[in-house]
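Novice: My questions will all concern the structure given below.
Derivation of every value follows stated rules applied to the coordinates shown; laboratory data play no part. Just so it is clear, the structure is predicted and the values come from calculations on it, not from any experiment. In this analysis, Cβ positions are derived from the backbone assuming ideal geometry, glycine residues included, and neighbour counts consider all displayed protein chains.
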Amino acid sequence: MGTNATSPGSASVNALNAASELLRALASPVRLGIVRELADGSREVHELVTSLGVSQPLVSQHLRVLRNSRLVIAHRHARSVEYALADDHIARIVLDALRHVEEGPGAPPGTNA
């Protein structure tokens, strides 16, 4: 861990609970895919449906979880709604997790297994 990382012993119980809730909200392949897509910018539901290859009701259900967790925000434009990440930290968490998995176990950093 780097010097800026908070160790579990120094984090408050409230911070640990909040971090746990954040990770729980991300604990779905569809929600991870939504965050990955939104990392590149705002999207409407139909764009997420197309890029993720899942149904509109399923995307809407997962967007509701992400919105309730305050990870995603919605902006209404006339008859459409665009969804965006609440902040860049969410994208970094997900993109780092995906890079970690793609590296594979025991692979040197920066290489694909």
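Novice: Please state, to two decimals, what the Cα-based radius of gyration of segment 13-103 comes to when divided by 2.2 N^0.38 Å (N = residues). Show your work: numbers first, answer last.
Specialist: Numbers: Rg = 13.1 Å, N = 91, 2.2 N^0.38 = 12.2 Å.
Ratio of Cα Rg to 2.2 N^0.38 Å: 1.07.
Novice: Between His46 and Leu23, what FRET efficiency comes out of the Förster formula 1/(1 + (r/R0)^6) with R0 = 41 Å and r the beta carbon distance, rounded to 0.05? Walk me through the intermediate numbers first.
Specialist: Working: r = 28 Å, r/R0 = 0.69.
Taking R0 as 41 Å, the efficiency between Leu23 and His46 is 0.90.
Novice: A further question on this structure: If each residue of separation counts as 0.36 nm, what is the full-extension length gain between Arg99 and Arg76 once their alpha-carbon separation is subtracted? Let's see the in-between values first.
Specialist: Numbers: separation 23, 0.36 × 23 = 8.28 nm, distance 3.25 nm.
Separation in residues times 0.36 nm, less the Cα-Cα distance, equals 5.0 nm.
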